[in-house]
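Just below is one structure, and these are the notes that go with it.
The values are calculated or read from the model by the stated rules, or taken from the named source; none is laboratory data. Just so it is clear, the structure is predicted and the values come from calculations on it, not from any experiment. A quick note on method: Cβ atoms are made from the backbone with ideal geometry, for glycine too, and the neighbour counts reach across all protein chains shown. Remember, those area values only see protein heavy atoms, side chains included, never the ligands or the DNA or RNA. Shrake-Rupley method; radii C 1.70, N 1.55, O 1.52, S 1.80 Å.
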Amino acid sequence: MKKHIYIYSPSGAVRDKAAFKRGVRRLQSLGHEVEVDADALSSHMRFAGDDTTRLAAIHRAAASGADVALISRGGYGLTRILGGIRYKALAKAIEHGTQFVGISDFTALQLALLTKTGSTTWAGPALCESFGVGGKPDALDGHGLAEAQVSDDIMEDCFNDMLTGQGEGTGWRQNREAGAPQDAIVRVKDATIWGGNLAMLSSLLGTEYFPDIKGGILFLEDVGEHPYRIERLLTQLLHAGVLAKQKAILLGQFTEYKLSTHDKGFTLQSVVQWLRTQTKTPILTNLPYGHVATKVLLPVGAKADLLAEGRDVMLVWGHLHQHSHHHSHGHHH
C-alpha cells in the first residue's frame, strides 16, 4: 500500500548521511513515496538548522498533506522550540490523516501536542536509526554486522499496521525477575497511553507542556543512562505524584549504559524492585520499545486496554480504528 512519507529534522543534525540515504531507499523499496524536507540535512551547531529553521520544517511537515511525517533522528533540540510550534496546525494535519512518528527527543513534541490539543501521535521509529541500518554500524568494528544489515521486520510490520490502520495492539513477555509479582493479574480499561523517553518526559515536568493524565498507562524508555540516573528520574516522577496517578507503568528498554565496580550490585533490576516498594501502581517490564531494533509503535494519546497475567502482557488499542474491519493479532515476543 503506497503511502506518502515526509522526512524532516526537528532535532539533532544528521551526521550519518549514509544511514539517511539507506533509510530513504528502504522506505522506497517498501513501495512508498518519500518526500525529503528542504532542510532535512541542514546543520547548525549540534542541531538540524537553527531554531527558526527547525520550526519551519515542523510546520512544512504539517502542511505536506503526507500520510506520515517521520523524523530523521532524535538527539536534542525540540524542548528549545516548544514555545514556537503552532499546535493547532499540527492537530489539523493529524485530523486530516497525517500520522506523526518518532522517538527519543520527539517525546517532547508528542507530549506538548497531547497537552495542547489532545492529538494522538506515534512513538516508533526514526528514519536513520530504524530504516537506515546496515553499512558499518557505529562503534561496532564490524561485530554484529550480520544482524545490522536490514531494518527489523517486527518494527516494519508494526509500521505497516499503523499505515493501514490495522494496528490493534501488541503483546509481550515480562522479564523473569526475582521478587516480581509473577502471579498478579493487572486489568486496565480505557486508559490513555502516554510516555516516551524518560529523560525528555521528566524535563517537561512543571511546564505547560506536561500532560496531566490521570488513570493512564505510562510507558518509559531511555538510552545511555546509568541505572542510578534512571532511578533519579523515576524518583522525580514519583515525588511529583505522577506515578501514583497512573493505572500502570510500562518499562520499555533501557540500553547502552555501563555499570562500574562502584555500583556493588546496584542494577536496573534493583531500581525496578525498589520502585515497586514505593508505589502501588503496577510496574510491568520488557515492553518492546526503546532504542532497540525490535520495537512496536505505540499511539501516544490513544485509549487502550491492558491485561497482564503472570509474565504475559497484552496492550490493545483496536478501538482506535472502529471504521476498519480488518483484524490483526498483535505481535508476540
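Here are the numbers for this structure:
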quantity: Condition check for residue 94: touching a residue at least 12 places away in the same chain (Cβ under 8 Å), open to solvent by less than 10 Å² (accessible area, probe 1.4 Å), closer than 19 Å to residue 120 by Cα and among the hydrophobic types (A, V, I, L, M, F, W, C); calculated: no
quantity: Search result, residues across the range 161-178 that are under 19 Å from residue 29 (Cβ atoms) and crowded, with 17+ Cβ neighbours inside 10 Å; calculated: 161, 162, 163
quantity: Every pair of residues 6+ apart whose Cβ atoms lie under 9 Å, when the first sits in the range 53-67 and is in contact (Cβ under 8 Å) with a residue 60 or more places away in the chain and open to solvent by 40 Å² or more (accessible area, probe 1.4 Å) while the second is of a type outside the set (S, T, N, Q) and assigned to a helix (DSSP H, G or I); calculated: 65/93; 67/163
quantity: Residue in the range 29-53 that is nearest to residue 8 (Cα to Cα), counting only those that are part of a loop (DSSP other than H, G, I, E, B) and of a type in the set (A, V, I, L, M); calculated: 40
quantity: Selection status of residue 3, open to solvent by 70 Å² or more (accessible area, probe 1.4 Å), farther than 19 Å from residue 79 by Cα and not small (Gly, Ala, Ser); calculated: no
quantity: Subset of the range 112-129 (residues that are surrounded by 24 or more Cβ atoms within 10 Å (Cβ to Cβ) and either over 15 Å from the mean Cα position of the chain (by Cα) or of a type outside the set (A, V, I, L, M) (or both)); calculated: 121, 122, 124, 125, 128
quantity: Boolean, residue 100 is at pLDDT 95 or above, assigned to a helix (DSSP H, G or I) and either open to solvent by 30 Å² or more (accessible area, probe 1.4 Å) or of a type outside the set (Val, Ile, Thr) (or both); calculated: no
quantity: Boolean, residue 18 is surrounded by 18 or more Cβ atoms within 10 Å (Cβ to Cβ) and either among the hydrophobic types (A, V, I, L, M, F, W, C) or not in a helix (DSSP H, G or I) (or both); calculated: no
quantity: Residue in the range 292-301 that is modelled with pLDDT of 95 or more, under 27 Å from residue 159 (Cβ atoms), touching a Lys or Arg at 6+ places or on another chain (Cβ under 8 Å) and in a strand (DSSP E or B) present; calculated: no
quantity: The lone exception for residue 247 - which of (1) out of contact with any Phe, Trp or Tyr (no Cβ under 8 Å at 6 or more places or on another chain); (2) more than 19 Å from residue 315 (Cβ to Cβ) it fails; calculated: (2)
quantity: Residue check, residue 57 over 14 Å from residue 131 (Cβ atoms), under 22 Å from the mean Cα position of the chain (by Cα) and outside any loop (DSSP other than H, G, I, E, B); calculated: yes
quantity: Selection count, the range 199-246, where residues are of a type in the set (S, T, N, Q) and farther than 21 Å from residue 116 by Cα; calculated: 2
quantity: Residue identified as modelled with pLDDT of 95 or more, closer than 24 Å to residue 269 by Cβ and exposed (fewer than 14 other Cβ atoms within 10 Å of the Cβ) among 224, 195, 215, 206; calculated: 224
quantity: Some residue of the range 30-49 being touching a residue at least 40 places away in the same chain (Cβ under 8 Å), at negative phi and crowded, with 16+ Cβ neighbours inside 10 Å; calculated: yes
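Let's see how each residue does on (1) surrounded by fewer than 16 Cβ atoms within 10 Å (Cβ to Cβ); (2) touching a Lys or Arg at 6+ places or on another chain (Cβ under 8 Å):
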residue: 242; (1), (2): no, no
residue: 247; (1), (2): no, no
residue: 250; (1), (2): no, no
residue: 254; (1), (2): no, no
residue: 269; (1), (2): no, no
residue: 274; (1), (2): yes, no
residue: 281; (1), (2): no, yes
residue: 303; (1), (2): no, no
residue: 318; (1), (2): no, no
